[in-house]
Amino acid sequence: MTPRHQHRLGRRKVLFALGGAMAAAPAVAALAPHALADGSRNTAAGALPLTVVNNTGAFDNANVHLYIVGNQDGRQVRVTPDGTLAPVALSDNGADGYTDYAIPLSAGGETGLSLPYLSGRIYVSLGAKLKFKAVADGNGDPALQYPAGWVASDPNYPVLHDCAEFTYNSAGMFCNTTMVDMFSVPMSIRLTGAQDQTTGTLRASGRAAAFAAVRQVPEFAPLVVDDTRVIAPGHGLDAGLFPADYFAPAVDEVWSTYTGRDLTVTTNAGTFTGRVRGEQLVFTGPAQVSFARPSTRDVLFCHGALAAPNDGTTGPVAAVLGAGFNRSTLVGSAAQPTTDPAAFYRTALTNHYAKAMHAAAVDGKAYGFAFDDVADFASYVQDTAPTGIRLTLTPF
């Protein structure tokens, strides 16, 4: 089995640093390589039709605010209501110190827009506008401070909001809904073109079910912020809301288990065979790669000791290990990645946040942690010949 995520890795590295900080490039700039590993280079037409549908049932169109922000050719840009790109400028800040890049929805029904080539995010806020601040980055270039709904001091913390991520260029459209940082507004993406694909749709009352499931686990319950959002446990850990040693017993069990037997990880590069030697989990095979014992934070962010460089060897193995820790499959199977979702999240000590997100989804797919695309379980779709994209805010 060769998981799709092995094509290239690291698309989430920037995402973890975006929270309210100056972002030189949006988190999704590395999305496209997922589709391009097969050499496909079909040309997608510019100005892709984007349809936004408000089916929340809780907010009318006048109280839904849309933002399309990102980067093109290394510049921070935003999409205007008429579908053109405008560069981010410090002069865009108003008297309150923030920009107003909101795109209003139509008075009723669906809203039709045009999406030019860029990599970015489609934010929606309900009931109030978001406060994006234009600032100078380390090179003196204009950049945006993105909303950070997991930071209590962020000006957007009280606002009900969420986002989808995408890269759209001459190679096609590559997009996903995401819960890697937090979950708040249920939404789905329908991408048409060579195929007709939909992902992100929640089951009936799925939002409430996800909130309730997280609340039921004592260590995770503090991540639920009223009825506004659920914060991902990695950000919760950084905020002092989640135990910094939560995964320690699971990590110890993996290290103990594979001191005495082999762990195999299959990637596009081939099969790696690993065993704990000293404090390192050392793999041989197409190349020798090794990993130090990861912390809980490393597991949740799939970073640190589980960092996944785009090198075709260490990166793919790290991604499979990160998924295995979050899904709690490493001890149960010595052959990774585990591809049967019935085997995921079966232990009491697991990523209950990601478990709740997947349980709420109609297709069982969600981006509950950084490498949830291992074995194709992320709410991600792509098309090299897209004809339209439809973002639906689904019922609460």
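The values are calculated or read from the model by the stated rules, or taken from the named source; none is laboratory data. Everything numeric here is computed off the predicted structure, so don't read it as measured data. Here the Cβ is made from the backbone with ideal geometry for all residues, glycine too, and neighbour counts use every protein chain on show. Ligands, DNA and RNA are stripped out before the accessible areas are found, and what is left, the full protein with its side chains, is counted by its heavy atoms. Shrake-Rupley method; radii C 1.70, N 1.55, O 1.52, S 1.80 Å.
General remarks:
- Test: residue in region 241-262 that is β-branched (V, I, T), touching a residue at least 40 places away in the same chain (Cβ under 8 Å) and within 24 Å of R121 (Cβ to Cβ): no
- Restricting region 47-57 to residues that are surrounded by fewer than 21 Cβ atoms within 10 Å (Cβ to Cβ) and within 25 Å of the chain's Cα centre (by Cα) leaves a set whose member that is modelled with the lowest pLDDT is A47.
- Region 138-157 residues that are within 19 Å of A86 (Cβ to Cβ) and of a type in the set (D, E, K, R), paired with ones that are in a loop (DSSP other than H, G, I, E, B) and open to solvent by 50 Å² or more (accessible area, probe 1.4 Å) (beta carbon under 8 Å, 6 or more apart): D141/A24
- G193 of a type in the set (G, A, S) and over 23 Å from A370 (Cβ atoms): yes
- Candidate set from region 138-172 (those that are in a strand (DSSP E or B) and among the aromatic types (F, W, Y)); member that is surrounded by the fewest Cβ atoms within 10 Å (Cβ to Cβ): Y168
- In region 81-94, residue surrounded by the fewest Cβ atoms within 10 Å (Cβ to Cβ) [restricted to those that are among the polar types (S, T, N, Q) and modelled with pLDDT of 95 or more]: S91
- Selection within region 95-120 - open to solvent by less than 20 Å² (accessible area, probe 1.4 Å) and farther than 30 Å from S170 by Cβ: G97
- Set side by side, the residues G364, G312 differ, and just one is of a type outside the set (D, E), free of Cβ contacts under 8 Å to residues at least 40 places away in the same chain and either open to solvent by 20 Å² or more (accessible area, probe 1.4 Å) or in a helix (DSSP H, G or I) (or both), which is G364.
- Only one of the listed residues (A359, A385) is in a loop (DSSP other than H, G, I, E, B) and in contact (Cβ under 8 Å) with a residue 24 or more places away in the chain. That residue is A385.
- Qualifying residue in region 263-277 (condition: farther than 18 Å from Q336 by Cα and either open to solvent by 60 Å² or more (accessible area, probe 1.4 Å) or within 26 Å of the chain's Cα centre (by Cα) (or both)): yes
- Sole exception among (1) out of contact with any Gly (no Cβ under 6 Å at 6 or more places or on another chain); (2) open to solvent by 10 Å² or more (accessible area, probe 1.4 Å); (3) assigned to a helix (DSSP H, G or I) for D298, by number: (1)
- Residue count for region 121-137 under the criterion of being touching a residue at least 40 places away in the same chain (Cβ under 8 Å), under 23 Å from the mean Cα position of the chain (by Cα), more than 11 Å from D162 (Cβ to Cβ) and part of a loop (DSSP other than H, G, I, E, B): the result is 2.
- Meets criteria (in a loop (DSSP other than H, G, I, E, B), surrounded by fewer than 24 Cβ atoms within 10 Å (Cβ to Cβ), of a type in the set (S, T, Y) and at pLDDT 95 or above) for T392: no
- From D227, D196, D162, residue being in contact with a helix residue (DSSP H, G or I) (Cβ under 8 Å, 6 or more places away or on another chain) and acidic (D, E): D227
- Which numbered condition C175 fails, given (1) more than 30 Å from A385 (Cα to Cα); (2) open to solvent by less than 40 Å² (accessible area, probe 1.4 Å); (3) of a type in the set (A, V, I, L, M, F, W, C): (1)
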